[in-house]
1. Just for the stretch 40-81: of the residues that are in contact with a Leu (Cβ under 7 Å, 6 or more places away or on another chain) and either farther than 18 Å from residue 15 by Cβ or not assigned by TED's automatic domain parsing to the domain that holds residue 107 (or both), which one is surrounded by the fewest Cβ atoms within 10 Å (Cβ to Cβ)?
2. Having 1 or more residues that are among the aromatic types (Phe, Trp, Tyr) and touching a residue at least 60 places away in the same chain (Cβ under 8 Å) is the bar; report the strands (runs of 3 or more DSSP E) wholly within the stretch 24-97 that clear it.
3. Got a sec? Which of 138, 157, 163, 167 is modelled with pLDDT of 80 or more, more than 30 Å from residue 71 (Cβ to Cβ), assigned to a helix (DSSP H, G or I) and not assigned by TED's automatic domain parsing to the domain that holds residue 70?
4. So, of the residues in the stretch 100-127 that are exposed (fewer than 12 other Cβ atoms within 10 Å of the Cβ) and within 16 Å of the chain's Cα centre (by Cα), which turns out to be modelled with the highest pLDDT?
Amino acid sequence: MDKERFGHWYREKIVEEMAEKFGATSHIFIAEFQRLKVNDLGELRKNLNKHSAVFMVVKNSLAQLAFKKNRLEGLLPLISGQSGVVLGGDDPVAVAKILVEYNKNFPDFKIKGGLLNSQIISSERIRELSHLPSRRILLGKFSGNLKGIFARFVYSLNLHTKLWLILKGIQEKKGGMKDGRDKIV
């Protein structure tokens, strides 16, 4: 295989792999970065890994081909300059918080936009997303509300039982009914 054909084959393999990764996630964030040290990006990667997210430095032309393969043409304008793509994560809110915080510490790291549950979102929406409570907090609030609903349900059952006992006591005081209908159902 000559050098040119190998280069073309290698490029296709990279695009296929990127397209597979892009297609396997429900959220993608795109950033542009300049003048950042490898150690600084390592810190970002470490924080993202805590939430099962991955930061990839991408070659723009290959990333654009991979986005086209996944019919994500809406992301194409976001790819320019030195581009980085954040893939996945178990909590998009936590990932957005990390990216916004990183942008505060390193102004040369610019959040450009992304994809959240099949919808293209702007950098402003990512900033808004970063202000939401984390998934863990929302789940805690939800389970607390659910617990309250069940507690009220059990309490109402207890009231129905007490009412039934009161009615049965009244019926017994009056001597019950003589025609066989002396049970309260």
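1. In the first step, residues of the stretch 40-81 are kept if they are in contact with a Leu (Cβ under 7 Å, 6 or more places away or on another chain); the result is 53-56, 64, 67, 72, 75.
Checking the rest, the ones that are also either farther than 18 Å from residue 15 by Cβ or not assigned by TED's automatic domain parsing to the domain that holds residue 107 (or both) come to 53, 55.
Details: 53: 25, 55: 23.
The qualifying residue surrounded by the fewest Cβ atoms within 10 Å (Cβ to Cβ) is 55.
2. Numbers: elements: 27-33, 53-58, 83-88.
The strands (runs of 3 or more DSSP E) meeting that bar are 27-33.
3. Details: 138 fails: modelled with pLDDT of 80 or more; 157 fails: modelled with pLDDT of 80 or more; 163 fails: modelled with pLDDT of 80 or more.
Just a single option satisfies the conditions, and that option is 167.
4. Looking only at the stretch 100-127, we keep the residues that are exposed (fewer than 12 other Cβ atoms within 10 Å of the Cβ), and these are 104-105, 107, 117-119, 124.
Next, only the ones that are within 16 Å of the chain's Cα centre (by Cα) stay: 117-119.
Values: 117: 88, 118: 85, 119: 92.
That would be 119.
The values are calculated or read from the model by the stated rules, or taken from the named source; none is laboratory data. Predicted, not measured: the structure shown is a model, and the values here were computed from it. Note that each Cβ is placed from the backbone with ideal geometry, even for glycine, and that neighbours are counted across all protein chains shown.
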